[in-house]
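**Student:** Let me give you the structure first, and then I'll get to my questions.
Taken together, the values in this text are just the output of simple stated rules run on the coordinates, not laboratory data. Because the structure is a prediction, the values reported are computed rather than measured. Note that each Cβ is placed from the backbone with ideal geometry, even for glycine, and that neighbours are counted across all protein chains shown.
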Amino acid sequence: MDETFRGQFEALMDKYTELLLGQTNEELKEKVKVWALYSHVAKSMPALAKHWNELYPEAKEQMKRLIAEIKQLNDEVRANTKKP
């Protein structure tokens, strides 16, 4: 991948993270990338996700915490945008 594309993709991730979680920084962007990729794998290849979950139960628990954190932050953003 060339550097121009990388920069443009990072801009996309910055904005997506901001819209999803109400803020953005490198740590949150990395969490969103992991969450998005895991979600895609779980939907497109559920047997692979199941195998990974069984192979790495401690990672599965960490992924569950990550998913819960992203959901909580997104719920807060959505609740704040609905207020007048």
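**Student:** Which of the residues that make up region 40-66 are surrounded by 14 or more Cβ atoms within 10 Å (Cβ to Cβ) and under 21 Å from residue 12 (Cβ atoms)?
**Tutor:** Result: 66, single match.
**Student:** Please go through (1) part of a helix (DSSP H, G or I); (2) free of Cβ contacts under 8 Å to residues at least 40 places away in the same chain; (3) over 11 Å from the mean Cα position of the chain (by Cα) for residue 77 and return the number of the only condition it doesn't satisfy.
**Tutor:** (2)
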